[in-house]
Amino acid sequence: MNIISRPRYLNRIRPYIGTKIIKAVVGQRRVGKSYVLLQIAELLRVEHPDWLILYIDLERLEWRHLRTGDDLVCEVSMAISSGNKTGAHTSQAKIALLLDEVQELQGYEIAVRGFAADERFDVYISGSNADLLSGDIATLFAGRVVRIEVHSLTYDEFLIFNKLEDKDASLERFLRYGGLPFIANLPNDDLVLSEYLAAVLDSVILKDVVQRYGVRSPALLERILEFTADNVGSPTSARNISNYLKSIRVDASPQSVLDYLGYLTRSFALIRCPTMDITGKKILEGVSKYYFQDLGLRSVVRAHKNADIGKIVENEVFGRLVADGWTVSSGRIGDREIDFIAERGEDRRFIQAAYLIPDSSTRDREFGALVSLRGGWPRYVISMDPLVQDWQGVHHLKLRDFLRDGFESV
């Protein structure tokens, strides 16, 4: 199986190594969290050879005897004792504890709390649900948990992982099938890839949503997911979705819709993008955009169609921004919309994403919203045009360049 280094995540976690802060690696199923955790373990072995490294993958059969937090405490105690006897560990050295899919353990919060309170331990956990940081950990360790969210492969990672050249065919494959790492091990066959992606979506929906939250109507959940797939990049609200469902004779209150959207975002299947009133500089409550964590899963919900290419482009621009650590919102100025406002520290950028800019009317629409801003630079339009041209101070970027390099391509 292919393994590539994913330095964006190692670099984010590096400042917290050796501290009492719990490092939580989270993300959708099958995006590569386990391999990021393995890379952290290898980094610790190289940089801290005197540490005892304990890596426990709770989805593997060898750890099936661990069912509760108490079982974990006993297992770790035995490992430390064994390490002391063999001379592999001294009482003065740190113990790095890496727990993959820790939510599989009943009562894991209490165990992790205990390890984190012990000066000897450097604790790392991973999981496929945002609720990993709820309960005791979030309440009792406020300010002492850092969350590193892992995403499916970005386009540059996708090229390396799949050993592909950066060309149109590679970009088309990425936009169609997404960036789940395991795809590199499968034949480039539409039926095989579609079956794999459908299996991943089923596991996300069934295990991380339906079972975890006791969803009473999986059919309603599917209708909501279909709506979001059809309306990627369009500002919407729970009430709008509820009204749509009623129009197709599916009864769902706005609160039920809001609950189900929350389940989908907490499982990382969807990512919510809030909407900001740029003039008033405030977030508009109840109005958001929703994007798919991975385009391959969207293609399962709604088959890939050329007519959807604008939505697909917008989804991937958003995904690259989020993977690069930008905090992203959508902007509104009167009746005009700015696709993305990206913020990272003091850096703030305004972005429009489009399929093509074929004529002056499209240019006026896509560039015009950015030109009309009062203050706020730099500004970008990102599209699939083979030739790009800046206009009235707004930078025009090629989609392929941006997906490959982020803003480093500017």
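Results for (1) small (Gly, Ala, Ser); (2) under 24 Å from residue 109 (Cα atoms); (3) not assigned by TED's automatic domain parsing to the domain that holds residue 113, shown as yes or no for each residue.
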position: 14; (1), (2), (3): no, yes, no
position: 17; (1), (2), (3): no, yes, no
position: 32; (1), (2), (3): yes, yes, no
position: 36; (1), (2), (3): no, yes, no
position: 40; (1), (2), (3): no, yes, no
position: 46; (1), (2), (3): no, no, no
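Do we find that residue 27 is in contact with a His (Cβ under 8 Å, 6 or more places away or on another chain), buried (at least 20 other Cβ atoms within 10 Å of the Cβ), within 21 Å of residue 153 (Cβ to Cβ) and in the same structural domain as residue 113 (by TED's automatic domain parsing) in this structure?
Values: in contact with a His (Cβ under 8 Å, 6 or more places away or on another chain): yes; buried (at least 20 other Cβ atoms within 10 Å of the Cβ): yes; within 21 Å of residue 153 (Cβ to Cβ): yes; in the same structural domain as residue 113 (by TED's automatic domain parsing): yes.
Here the answer is yes, as residue 27 does meet what is asked.
Can you name every one of the helices (runs of 4 or more DSSP H) wholly within the range 213-277 that holds 3 or more residues which are loosely packed, with under 14 Cβ neighbours inside 10 Å and among the aliphatic types (A, V, I, L, M)?
In the range 213-277, no matching helices (runs of 4 or more DSSP H) lie anywhere.
Among 288, 247, which is touching a Cys at 6+ places or on another chain (Cβ under 7 Å) and of a type in the set (Ser, Thr, Tyr)?
Numbers: 247 fails: touching a Cys at 6+ places or on another chain (Cβ under 7 Å).
Answer to the check: 288.
Being free of Cβ contacts under 8 Å to residues at least 24 places away in the same chain and small (Gly, Ala, Ser) is the filter; apply it to the range 343-387 and report the residue that is surrounded by the fewest Cβ atoms within 10 Å (Cβ to Cβ).
By that ranking, first place goes to 375.
In the range 107-125, which residue that is under 16 Å from residue 65 (Cβ atoms) and in contact with an Asp or Glu (Cβ under 9 Å, 6 or more places away or on another chain) is surrounded by the fewest Cβ atoms within 10 Å (Cβ to Cβ)?
Once the filter is applied, the top-ranked residue is 107.
Sort through 72, 66 and tell me the only one that's in a loop (DSSP other than H, G, I, E, B), outside the structural domain of residue 203 (by TED's automatic domain parsing) and at pLDDT 95 or above.
On the way: 72 fails: in a loop (DSSP other than H, G, I, E, B).
It is 66.
Might you let me know whether the range 82-101 holds any residue that is part of a helix (DSSP H, G or I) and of a type in the set (A, V, I, L, M)?
Residues of the range 82-101 that are part of a helix (DSSP H, G or I), as a first pass: 82-86.
With of a type in the set (A, V, I, L, M) added as a condition, the list becomes none.
Looking for residues that are part of a helix (DSSP H, G or I) and of a type in the set (A, V, I, L, M), one finds none in the range 82-101, hence no.
Restricting the search to the range 279-309, which residues are assigned to a loop (DSSP other than H, G, I, E, B) and surrounded by fewer than 21 Cβ atoms within 10 Å (Cβ to Cβ)?
Selection gives 279, 280, 281, 302, 303, 304, 305.
With respect to residue 136, is the statement that it is of a type in the set (Asp, Glu), modelled with pLDDT under 95 and farther than 30 Å from residue 352 by Cα true? Talk me through it step by step, then tell me what you get.
Values: of a type in the set (Asp, Glu): yes; modelled with pLDDT under 95: yes; farther than 30 Å from residue 352 by Cα: yes.
Yes, satisfied.
Conditions tested, residue by residue: (1) among the β-branched types (Val, Ile, Thr); (2) in contact with a Leu (Cβ under 7 Å, 6 or more places away or on another chain).
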residue: 9; (1), (2): no, no
residue: 16; (1), (2): no, no
residue: 22; (1), (2): yes, no
residue: 28; (1), (2): no, no
residue: 50; (1), (2): no, no
residue: 56; (1), (2): yes, yes
residue: 62; (1), (2): no, no
residue: 65; (1), (2): no, no
residue: 70; (1), (2): no, no
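Has the range 233-255 got any residue that is closer than 30 Å to residue 352 by Cβ, in contact (Cβ under 8 Å) with a residue 60 or more places away in the chain and within 24 Å of the chain's Cα centre (by Cα)?
Among the residues of the range 233-255, at least one is closer than 30 Å to residue 352 by Cβ, in contact (Cβ under 8 Å) with a residue 60 or more places away in the chain and within 24 Å of the chain's Cα centre (by Cα), which makes the answer yes.
Only one of 390, 385, 347, 335 is out of contact with any strand residue (DSSP E or B) (no Cβ under 6 Å at 6 or more places or on another chain), over 16 Å from residue 310 (Cβ atoms) and modelled with pLDDT of 95 or more; which? Let's see the steps before the verdict.
On the way: 390 fails: out of contact with any strand residue (DSSP E or B) (no Cβ under 6 Å at 6 or more places or on another chain); 385 fails: over 16 Å from residue 310 (Cβ atoms); 335 fails: modelled with pLDDT of 95 or more.
347 is the lone residue from the list that is out of contact with any strand residue (DSSP E or B) (no Cβ under 6 Å at 6 or more places or on another chain), over 16 Å from residue 310 (Cβ atoms) and modelled with pLDDT of 95 or more.
Going by the conditions given, is residue 247 of a type in the set (Ser, Thr, Tyr), modelled with pLDDT of 95 or more and in contact with a helix residue (DSSP H, G or I) (Cβ under 8 Å, 6 or more places away or on another chain)? Walk me through how you get there before you give the answer.
Values: of a type in the set (Ser, Thr, Tyr): yes; modelled with pLDDT of 95 or more: yes; in contact with a helix residue (DSSP H, G or I) (Cβ under 8 Å, 6 or more places away or on another chain): no.
When the stated conditions are applied, residue 247 does not pass them.
Checking the conditions here, which among 190, 208 is assigned by TED's automatic domain parsing to the domain that holds residue 404, on the phi < 0 side of the Ramachandran plot and either crowded, with 17+ Cβ neighbours inside 10 Å or under 16 Å from the mean Cα position of the chain (by Cα) (or both)? So that I can check it myself, show each step before the final result.
On the way: 190 fails: either crowded, with 17+ Cβ neighbours inside 10 Å or under 16 Å from the mean Cα position of the chain (by Cα) (or both).
Result: 208 is the single residue among 190, 208 that is assigned by TED's automatic domain parsing to the domain that holds residue 404, on the phi < 0 side of the Ramachandran plot and either crowded, with 17+ Cβ neighbours inside 10 Å or under 16 Å from the mean Cα position of the chain (by Cα) (or both).
The values are calculated or read from the model by the stated rules, or taken from the named source; none is laboratory data. A quick note: this is a predicted structure, and the numbers were derived from the prediction, not measured. Note: ideal-geometry Cβ built from the backbone for every residue, glycine included; neighbour counts use all protein chains shown.
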